[in-house]
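For reference, the structure discussed in these notes is given below.
The values are calculated or read from the model by the stated rules, or taken from the named source; none is laboratory data. Remember, it's a predicted structure, so these values are computed and weren't measured experimentally. Here the Cβ positions follow ideal geometry from the backbone for every residue, glycine too, while neighbour counts run over all protein chains shown.
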Amino acid sequence: MFKEIGKIAQAMKQAGELKGRMQEVQQKLQTVRVEGEACGGAVRIEMSGLLQVVDCQISPALAATGDADALGRYVLLAMNQALDKARQAGADLMGQATDGLDLPGLSGLMGGK
């Protein structure tokens with residue numbers, strides 16, 4: 001019985017510690033910036049670690065072609081690349097934040113094994 005109480009106390013302690021670490025992760029993600037690009041850099045998307053697009057640049061030469069379909073595909077490619085990088089940055093920060101905590105199942109959620 002006392003062993004189970006000890007496990008509960010430990011879990012509650014870790015939950016409090018995790019909450020503080022997650023707040024730190026959120027703050028760090030606000031400052032993280034990643035970039036996706038397509039068409040040799042003619043389209044660039046900058047995204048925050050919170051998965052918000054903060055900048056989109058399209059070269060004047062590409063815009064001047066008037067090919068809206070191609071431009072749309074390039075924007076999607078750049079955005080998806082930026083999204084992948086932002087998600088990876090978030091997963092990396094989460095992994096650092098939970099390092100040392102015994103949280104069953106959490107590594108699976110973060111892409112670990």
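Residues in the stretch 32-51 that are assigned to a strand (DSSP E or B) and over 13 Å from LEU93 (Cβ atoms): ARG33, GLU35, GLY36, GLU37, ALA38, VAL43, ARG44, ILE45, GLU46, MET47. Answer yes if at least one residue in the stretch 44-57 is under 18 Å from ALA97 (Cβ atoms) and of a type in the set (D, E, K, R), and no otherwise. No, the stretch 44-57 contains no residue that is under 18 Å from ALA97 (Cβ atoms) and of a type in the set (D, E, K, R). Contact annotation: no residue pair with Cβ atoms under 9 Å, 6 or more positions apart or on different chains, pairs a residue in the stretch 20-39 that is among the hydrophobic types (A, V, I, L, M, F, W, C) with a partner that is in a strand (DSSP E or B) and surrounded by fewer than 15 Cβ atoms within 10 Å (Cβ to Cβ). Filtering LEU29, LEU77 for residues that are at pLDDT 95 or above, at negative phi and part of a helix (DSSP H, G or I) leaves a single hit, LEU77. All of ASP99, ASP92, ASP67 fail the test of being farther than 25 Å from LEU18 by Cα, charged (D, E, K, R) and free of Cβ contacts under 8 Å to residues at least 24 places away in the same chain, apart from ASP67. For the residues ALA63, ALA15, the requirement of being modelled with pLDDT of 85 or more and part of a helix (DSSP H, G or I) singles out ALA63.
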